[in-house]
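Worksheet for the structure shown next.
What follows draws every value from the coordinates through simple rules; no lab data is involved. The structure presented is a predicted model; accordingly, all values stated were derived computationally and were not measured. Using ideal geometry, Cβ is built from the backbone for each residue, glycine included, and neighbour counts are taken over all protein chains shown.
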Amino acid sequence: MLLLFGSFIAGVLTVLAPCVLALLPIIIGGSVSGDVKDKKRPIIIALSLAVSLFIFTLALKATTLFIDVSPLTFTYASGVIIIGLGLLTLFPSVYARIIARLGIEQRAQTTLSKGYKDQRKYLGPIIIGAALGPVFSSCSPVYAYILATVLPVNFGQAMAYIVFYILGLSLVLLLIGYYGQRFVSKIRFASDPKGKFQRAIAILFIVVGIFIITGYDKRFQTWVSTHTPFNFDSLSSKLLPSGRETNSEVLNVSDPYAAPEFTGLTDWINGKPLTKDDLKGKVVLVDFWTYSCINCIRNNPYLIEWYNTYKDKGFVIVGVHAPEFAFEKNASNVQKAVKDQKIPYPVALDNDFSTWAAFQNRSWPAGYLIDAEGKVRRIHEGEGEYDKTEQAIRLLLEEKGTNLKGVNTTSGSSNVPVTNRQTPETYLGLTRASNFQNDKALGAVKTQTFTAADNLTKNHWTLGGTWEVQDKKIIARGDSILRFNISAKEAYVVMGSMDPAKVAVQLNNQPISMDGVGGDDVKQSNVMVGEYRLYRIVKYDSFKEGGILELRVPNGVELNAFTFGS
């Protein structure tokens, strides 16, 4: 229920997002075009945008499950439609002559032209609202959270959240269109359908449409985020759920509840399939993880130590592997990762996020500590608080009568290797890409040639050469480069290649091995890339700020994400 309200408020706040600010003139312009006294136009635009955004969300689900259509296709269509509406208003007579020469029926021509400028048809505001739906979809962290975390596991719940988000957004846009129309109606020359004001609106439509197609609307968004103190993403992200209600105690679930049954788990590693009945009477830690996640990799040694220390005392860990990237669904890849990381406890694949959904989980890593009666007593998301988690394990073991005399605690620490100055985790695929800096928009077309930016803003990255951009990865098509202005002690990249390839690594314009700060996977300033996994590429002695990392990437190598440590 809380996220329903949060979704509504997020929709209201979305009007403050930089990507929406650039489009507000379209909302106002569409509301006043034709007849500035027609109060139905703002309503029609808001309603059609709401329907369009809802349908676009369904289309995103369909492109994931059934068809291979990039979400960018819808964005390009939006830009083309907006440009077309601008041209139709700016050159109505030229448009009519073109239609006539092409032999298109006069009736169809009349419907299109009148639909935009004749208040009785209202085709124009419908098209305006419908065209803006896909563009507005990328403007809120809450909307992105619903798509990435809720939609894969609970379609009905996700749709409810989306509806509330759309209601909040549409309400504000309706008010903006209505009051914008009232303001313009007081300007006499604005009501002339052939006057300069209406032509200015037409030109504005064309400019915004071009910005959408070329990706300059995203560059405007980045500029606003970088050069203004207001951080919309941070404000909106505060509306995201923080998990189940907890308190400050070691056993932090205020109202313990029965742990759900494992469901949909396959390919069990290190043991036979387990059920709740099999674990009855034991203290169980259910750990959600994925093998290329650096936070999970750093988390695993603590879990291994706890398992080895308490496994003979009635303690069990079940690793639930929920994939973040497609290659993590491969059972042999997971099995190799379990072996490489020396994980001794049972691990099962949750490729359909069934157990993830049953536990209402929302992050990697996340641990759910269950007592001997099968109730969840502690939840912890992310790294850290290792001392508290181990203390909770010991409390629950003693609660069920286990004698821990002579069993010392491990060296668990509550410290987490991150700082607030560290470069954040950065995804490279189109769906979740951020902080991209270039002369072209990322994914303006599926495959294109980039010119790398010379002066990178802190925490921003750029591409050079030819790259294929997909939803969750980028693929080098020819010898290409990626540069990143990083601040961290350590840097990692998730990547892989069907054929073995050598990726050259430079730091501050010289081979990284010359400074002796190459990560564990760097040999003589190169990384041999084969299997799809996380590669360690930078390892300073201490935190460093503002280093320019450069990867020279050969054809066929796929990159998914960067993560950092300090």
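Of note:
- Whole-Å distance, taken between Cα centres, linking the range 303-327 and the range 480-518: 31 Å
- Charge dipole of the range 426-565 (Cα centre as origin; +1 on each Lys and Arg Cβ, -1 on each Asp and Glu Cβ, all else neutral): 200 debye, rounded to the nearest 20.
- Calculated on the Cα set of the range 257-399, radius of gyration then Dmax: 13.7, 41 Å.
- Unsatisfied cross-links (Cα-Cα over 23 Å) in the set LYS280/LYS336; LYS272/LYS339; LYS272/LYS329; LYS311/LYS400: LYS280/LYS336
- Footprinting exposure proxy for HIS460, HIS321 (fewest neighbouring C-beta atoms within 10 Å first): HIS460, HIS321
- For the range 426-565, pairs of C-alpha atoms spaced more than 24 angstrom apart make up 21 percent of the total.
- Counting lysine pairs in the range 426-565 whose alpha carbons fall under 16 angstrom apart, excluding pairs fewer than 8 residues apart on the same chain, gives 8.
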